[in-house]
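A quick write-up on the structure given underneath.
The values are calculated or read from the model by the stated rules, or taken from the named source; none is laboratory data. Everything numeric in this text was worked out from a predicted model, so none of it was measured. Cβ atoms come from the backbone with ideal geometry, glycine included; neighbour counts cover every protein chain shown. Keep in mind that these areas ignore ligands, DNA and RNA; they rest on the heavy atoms of the full protein, side chains included. Shrake-Rupley method; radii C 1.70, N 1.55, O 1.52, S 1.80 Å.
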Amino acid sequence: MRKIIAILIVFMVIGIGILSGCTTPNEAKDTDGDGYPDNIDVFPNDATQWADKDYDGYGDNPNGTNPDAFSDNPEEWKDSDSDGIGDNSDIYPYDFNNGDISKCSIDQSFFSRSVAVKGERYESLVPDTLDLQERAELAINALTRCTNPENNYSVYFYGDIHRNPPVLFRQESLYGKFMEGLVLMRIITGSQLNKHVDQRWREMFLRWLIESKPVLYGPDGGRQLAWMAINYRLEKDPCWGELAEQALDSILSAVVNKSDYCYLPDDQGAMPTGWNATYHAWTLQGVTQLYLLTGSSTAKELATKLARYLKDYGQVFDGNGHFLARHPSEMGPALHFHHNANALLAISEYALATGDDEFAAFAKKGYEYARSTGSPLVGFFPEYIDDWPDNRTMVDCETCCVADMIQLALTLTDAGQGDYWDDVDRYVRNQFAENQMRRGDWIDQLATTLPPTPVGPNETGDNISERAIGSFAGWAIANDFHNGGSIAISACCTGNGARALYYVWEKIVRFKNGTLSVNLLLNRASPWADVDSYIPYEGRVDVRMKQICNLEIRIPEWARPEETSCTVDGQSRELTFQGRYAQVGRVENGSLIVLTFPISERTVEATIGGIPYTLIIKGNDVVSIDPPGELYPLYQRAHYRDNHVHWVKRERFILTDFAL
C-alpha cells in the first residue's frame, strides 16, 4: 500500500510539473518576467506582449508595446484614426471622419501648434559608419540656422565663402524645400532643436493660405503641398484635409484643362513648354503626396493630368525620356540636369502612387539616360549636360542632381522597374554623403587669407561656419566640396538633400506581411530590428531583432552569395537566395543575426566631371581619391581602410507618434 501511495505521489508531482510548464529548467525560463515561459512567449524580451494569433509581428495585448488592433487579421495591425478600419485598407487612415471636413475647427491653437515628436530613445554602441540619423541631425542645424530670425526666419538662399567674413544672402520667405525637409528630419531624429523656427513658418503659411488662397505652384508651392500632407499624417487632424482640398481647388481654378492633360498657363495665357513646363513637376509631387495620404479623388485626377502634360505635351522629354528642357543663358540654351531630372522624378512618384506601368516604364528609360551622363560609380551627376550657361572650367555636381537620382532609383525599384539598390548604395555612400558639410573650420581658415569686405544690408556674417554645418554642397566637384568659385552653399541643394536623405533612411528596412527586408546595409534603428553595419571596415552586418518574423537581407553587388555566411544567436544558419536577398527565415524576438562576407579594396582609374582620378574603393565606399581636394577635400576616409570596425556611442530614436 505504501508503495502504491509513493508511486501515486511521484506521478502527481510529475503531472503538476507538466501542467505548470516547468518540466525542465530551460522551459521554466521567463526572460521578461511576464509570467509566460520563453518556450510559449512569442515576445520573450517584452514583458507587455506574449501572444500573436495572426503572426503579423504585433502583440495581442492592447495595452502592450506595438499592440495589434486587429489580432485576427494578419494584413492589419494599426487603426490610426480609431474608426474600425485598418490603416492598410483605410482611404483616410488618419481621419476618423473619413473625409468629412465639416467637423474641422481651425482656431488660434491650430495656427500656433508646436509639434513635439514622441518616440523611444536609447543609447547604443554602434559601428562608426555612415549613419543617416546622425546626418539628419546635422541637416536640422542648417535648416533652422541658415535663416534670419529678424525676418520671420526667412531662408538665406546662398552662402558666399570667398569673403572675409563669409556671408549668407538672398532671403526667401516660406521656402518650401526647407519646410518639407525639416519636418522629415524631425521624423528621423525626434529632435526639437530650434523648433520655434518651424512653428513660425507654420503660423505664417497657414494665415497666408487661408487669407490669400494662393495657387501653390513651382518649387515652393509643390513642397508646401507635400508639407501639408506630412502634417496631415502626423497630426491626424481633419483640418489638414480641409486645407488640402482648398489648396487643390485653387490649383484647379487656375489650370487649363484639356482632354487628358492640364497645365497652368503663363502670363500671356499660353501653355508653358520646355524649361517653363518643368515648374509643374513640383506641383505634381505635392499633389501626389496629398493623394497618397488623403486618398482624395480630386488629387488623383489632377495628378494624372499633370503627369500626362509633363510626359507628352510639355516638351520636357523626347519619347525615350531624354532631357530637352533648356533655359536661356549668355552661352545659349543650357540643359540643366536638376530641372529635368526632378520632372522625371515627379512622373515616377506619380506612377508608383497610382500603379501606372506606362509612366513607370517611361521614367525608367529616362533614368537610364540620366545615369549615362554622369558617374554612377560614385553618384556624380553634372549640373548641366553638354550645353552649359557659361565658360566655367570645371564640371560641378549639384547635390540636387544626386538627390534626384537617388530618389528615382528608389522609386523605380519600388515600382518593379528593376533592382537599383546598388545604385542607391553607391550614390549615398559617396558623392551624396560627402556633399554634406560636417565641419566648418575650413570656411574660417579660408577667410583669413582674404581681405576684409563689409557685410551688406541684406547679408549676415555671423557665425557662418557654424550655421552652415549640415548644409549640402551647391557646386561640388569629385574631390572637393567646392569648385573654387565664390558661392558654395545653396538652399535648394540643402532642401533637396534632406528630402533624399529621408527616403533613403525610410527604405533601409521594410516590414510587410510578416517579413522584414533589409534593403541597404546602413545603420538603422527601427521598431522591428536594429541594423548595425560594419561596412566598409568589415564585410559584416548585425541585425538585432525586436519581434518574431521572417528575415531577408540584401547583399551588395560586390558580395558573392556562395561566400556569405550567417549565424543566428551564434548558431550557423543555412541560407538560400532570392535574387540578392539572403533568406534567413524565421527569427525570434531578441535574436542576433550576423551576416558576413569578404570585403576588399580595389583601385579604379576613373574620369569624373572630365578630370581623371585614381580611386581606392572598398566595397562600394571610396576610401581615397587622387588628386585630393584643396578647400574641403572629400573622401578623408583612411580610417575605413582598417579591417576592424571602430565603435561609437549614439542615441537611437524610433518614432511612435507625434504629440501636439
For region 251-263, Karplus-derived ³J(HN,Hα) couplings (6.51, -1.76, 1.60; θ = phi - 60°; whole Hz; x for glycine and proline) come out as 5, 5, 6, 9, 6, 9, 8, 10, 4, 10, 8, 8, 7
With the charge dipole of region 162-240 built from beta-carbon charges (+1 for Lys and Arg, -1 for Asp and Glu) about the Cα centre, the Cα from Trp208, Phe169, Trp227 projecting farthest to the positive end belongs to Phe169
Taking 38-44, 206-212 and ranking on average Cβ neighbours within 10 Å, highest first, one gets 38-44, 206-212
Non-local residues with an amide H under 5 Å from the amide H of Thr31, with H modelled 1.01 Å from N and Pro and chain starts lacking one, are Asp38
Relative to the chain, whose Cα atoms define the longest principal axis, helix 297-308 and its Cα axis are tilted in degrees, nearest 10, by 50 degrees
Output ordering of 522-532, 637-647, 431-441 (per-residue mean of other Cβ within 10 Å, highest first) is 522-532, 431-441, 637-647
Sorted on mean Cβ neighbours within 10 Å (highest first), peptides 284-297, 591-604 come out as 284-297, 591-604
Summed over the other residues with a beta carbon less than 15 angstrom from that of Val215, with K and R at +1 and D and E at -1, the charge totals -4
Computed over the chain: longest principal axis from alpha-carbon atoms vs helix 337-354 long axis, angle to nearest 10 degrees, is 40 degrees
Carbon plus sulfur, as percent of the 1.4 Å-probe accessible area of the chain, comes to 50 percent
If amide H atoms are modeled at 1.01 Å from N in the peptide plane, then the residues at a separation of 5 or more from Val584, or on another chain, having amide H under 5 Å from its own are Leu551, Glu552, Ile553
Projected onto their principal axes, the Cα atoms of region 189-336 stretch, largest extent first, over whole-Å spans of 45, 37, 30
Taking alpha-carbon centroids only, region 166-225 lies from region 593-660 a number of Å equal to 32 Å
Ratio for region 133-231, C-alpha Rg to 2.2 N^0.38 Å, reads 1.10
Taking a probe of 1.4 Å and leaving out DNA, RNA and ligands, the chain shows per residue an accessible area in Å² of 40 Å²
Phi angles of region 568-579, converted by Karplus (6.51 cos²θ - 1.76 cosθ + 1.60, θ = phi - 60°) into ³J(HN,Hα) in whole Hz with x for Gly and Pro, give 10, 6, x, 9, 4, 10, 6, 10, 10, 10, 10, x
Longest principal axis of the chain (C-alpha) makes with the long axis of helix 357-372 (C-alpha) an angle, in degrees to the nearest 10, of 70 degrees
Expressed as a percent, the portion of alpha-carbon pairs in the chain spaced more than 46 Å apart is 21 percent
Magnitude of the Cβ-charge dipole (Lys and Arg +1, Asp and Glu -1) of the chain about the Cα centre, nearest 20 debye, reported as 600 debye
Expressed as a whole-number percentage, the relative contact order of the chain with C-alpha contacts under 8 angstrom and at least six residues apart is 16 percent
